[in-house]
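In what follows, a structure is listed as structure tokens, so that the remarks can point back to it.
What follows draws every value from the coordinates through simple rules; no lab data is involved. The structure presented is a predicted model; accordingly, all values stated were derived computationally and were not measured. All Cβ positions, glycine included, derive from the backbone under ideal geometry; neighbour counts span all protein chains shown.
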Amino acid sequence: MKRFSIFLLALFFTGSLLAQSPIIGISSYRSGASHVVGNTYVNSVRMAGGVPLIIPVTTDDAQIEAILNAIDGLIMTGGEDFDPLKWYGEEPLRANEQIAPERDEFDVKLIRAAVAKGIPVLGICRGQQLMSVAFGGSLYQDIPSQVKSSYVKHRQGDTPGYYGTHTITIEKGSILAEVTGSNKAVVNSFHHQAIKAMPAGFKVTARSADGIIEAVERVAPLKDYADGGAVIFGTQFHPEIMTNAGNPLFLGLFQKLVSEAAK
Ligand code: MN
């Protein structure tokens with residue numbers, strides 16, 4: 001009888017813990033007939049104690065609203081180049097790569113609606129660039145041809161993604177400083193674009209040695225966009241690949257998102 005009671009008690013606590021785990025939406029992309037999310041994102045959310053929920057690509061406002069009502073936190077994932085003409089009014093350079101118009105619109109609608117509702121957001125790679133594009137900033141379409149002072153290799157190519165290749169210098173007092181406990185870190189790098197003009201209300205929290213923006217945080221209320229006041233932060237590097245591979249350095253970024261989502 002006693003053993004059975006303990007079993008029931010354990011079941012109760014397990015159940016209530018699961019019920020409390022925040023649901024973290026992860027934005028997908030289209031590949032042929034499929035909606036795709038990398039397992040590294042899914043697994044990083046699980047490792048941080050969240051419940052991952054893959055969000056299919058849609059541009060329907062009512063669908064987006066309903067999805068946001070079902071999640072507590074949001075990760076905007078990496079991917080294609082944004083359409084520079086449509087989103088920040090620049091002619092496309094030859095080096096601008098493939099554009100995914102449906103995903104552009106999905107990403108912008110999703111992050112604006114999430115921020116308006118006060119849902120915490122972590123943006124990774126394109127997801128960080130999205131924070132600029134969606135809230136009034138702009139991008140370098142191509143670092144090698146546009147940023148003459150840039151000398152760091154930001155595309156590590158076939159070098160394994162779990163392996164950090166360049167340093168970043170981290171701002172004191174930022175989420176990234178809190179997570180790493182340091183003002184320096186070594187990160188992976190898979191990008192030829194980066195934030196050029198910062199959106200109002202955001203702050204740069206890490207740069208590579210050549211000055212490229214590698215992390216941002218929202219630090220003041222957004223004036224020109226609806227803003228529910230939740231934490232919004234981004235990285236140009238890919239912490240999910242390192243986390244999924246067992247490197248504990250950036251697990252705290254996902255734990256931060258999960259703990260903010262639990263509020
Ligand atoms: Mn980089």
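Once the Cα-Cα distance is subtracted from the 0.36 nm per residue extended length, the TYR163 to ASP60 segment shows a gain of 33.3 nm.
How charged is the neighbourhood of LYS86? Take every other residue with its Cβ under 11 Å from the Cβ of LYS86, and add Lys/Arg as +1 and Asp/Glu as -1. Spelling it out: positives minus negatives among the neighbours equals -4. The Cβ shell under 13 Å around ASP227 holds other residues with a net charge of +3, Lys and Arg each +1, Asp and Glu each -1. Shown in residue order for the stretch 238-247 are the 3J(HN,Hα) couplings computed by the Karplus curve 6.51 cos²θ - 1.76 cosθ + 1.60 at θ = phi - 60°: 10, x, 5, 6, 5, 5, 4, 7, x, 6 Hz (x for Gly and Pro). With springs connecting C-alpha atoms under 10 Å apart, model the chain as a Gaussian network and identify which of GLY50, GLY73, GLY161 has the largest mean-square fluctuation. Largest GNM mean-square fluctuation: GLY161. Taking the stretch 216-242 and a reference point 7 angstrom along Cα→Cβ of LYS203, the backbone N atoms nearer than 15 Å belong to 216-222, 231-234. In the chain, taking the dipole from charged Cβ atoms about the Cα centre, the farthest positive-side position among ALA116, GLN128, THR165 is held by THR165. Distances between every pair of Cα atoms in the stretch 17-116, grouped in 5 Å steps from 0 to the bin holding the largest one, split as 2, 12, 21, 21, 19, 13, 7, 3, 1, 1, 0 percent.
Where a ≥ b ≥ c are the square roots of the eigenvalues of the C-alpha gyration tensor, would you call the stretch 131-263 rounded, which needs a/c under 1.5, or, failing that, prolate if a/b is larger than b/c, or oblate? Spell out each step's value before the answer.
Working: a/c = 1.86, a/b = 1.11, b/c = 1.67.
Taking the square roots of the gyration eigenvalues as a ≥ b ≥ c, the stretch 131-263 is oblate.
Dipole check for the chain: with +1 at the C-beta of Lys and Arg, -1 at the C-beta of Asp and Glu, and the Cα centre as origin, the magnitude is about 880 Debye.
Per residue, how big is the convex hull around the C-alpha atoms of the stretch 39-261? Give it to me in cubic angstrom, could you? It would help to have the intermediate numbers written out before the result.
Details: hull volume 25.2 nm³, N = 223.
Residue-normalised Cα hull volume stands at 113 Å³.
Ignoring aspartates and glutamates fewer than eight residues from LYS184 along the same chain, the ones with Cα atoms less than 18 angstrom from its Cα are GLU171, ASP210, GLU214, GLU217.
In loop segments of the stretch 170-216 as defined by DSSP, the trypsin sites (Lys or Arg not before Pro) with at most 13 further C-beta atoms inside 10 Å of their C-beta are LYS172. Short-range pairs are left out: with C-alpha atoms under 8 Å and at least six residues apart, the relative contact order of the chain is 21 percent.
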